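As structure tokens, the structure follows; a few thoughts come after it.
The values are calculated or read from the model by the stated rules, or taken from the named source; none is laboratory data. For clarity, every value in this text was computed on a predicted model and none was experimentally measured. Because the Cβ atoms are built from the backbone with ideal geometry, glycine has one as well, and the counts that use them run over all protein chains shown.
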């Protein structure tokens with residue numbers, strides 16, 4: 001008998017394998033694999049939540065970094081404009097250049113958002129397709145198991161007579 005307390009869990013896992021018949025070992029293996037997979041599946045929501053929290057923290061960190069960089073650049077420009085003395089005038093930027101830069105920045109941002117949306121849709125479609133393929137694979141293994149069972153029965157009946 002094996003007694004193990006799982007981390008992050010209040011459950012104790014006990015495992016005992018006893019066999020009275022040759023076929024019982026297969027039932028014991030199947031039961032233990034299912035128990036192990038169920039234990040792994042129990043942590044899936046926690047993994048998902050941790051990954052989601054990490055993504056949100058990363059997004060917030062990037063927003064904060066961008067805000068701080070822009071703020072620092074604005075302060076440096078303000079300080080350099082105030083520190084100009086005498087006949088030295090601070091550099092001025094023509095309004096056409098500012099308009100063109102703003103327009104290009106808006107186009108770049110719009111295009112980036114479109115690409116991001118397409119990428120997200122593509123990724124979701126791929127994940128849905130993988131999930132559907134897993135379902136097809138699962139059904140195929142069920143049918144293969146039935147086929148193997150029927151074949152074994154047929155061979156057994158053929159050689160038994």
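Does the range 74-85 contain at least one residue that is assigned to a helix (DSSP H, G or I), loosely packed, with under 10 Cβ neighbours inside 10 Å and modelled with pLDDT of 90 or more?
no
Looking for whichever is assigned to a helix (DSSP H, G or I) and at pLDDT below 95 here; the options are 70, 88, 66, 59. Which one fits?
70
Say whether the condition of being more than 36 Å from the chain's Cα centre (by Cα), without any contact (Cβ under 8 Å) to a residue 12 or more places away in the chain, surrounded by 10 or more Cβ atoms within 10 Å (Cβ to Cβ) and not in a loop (DSSP other than H, G, I, E, B) is met by at least one residue in the range 130-137.
no
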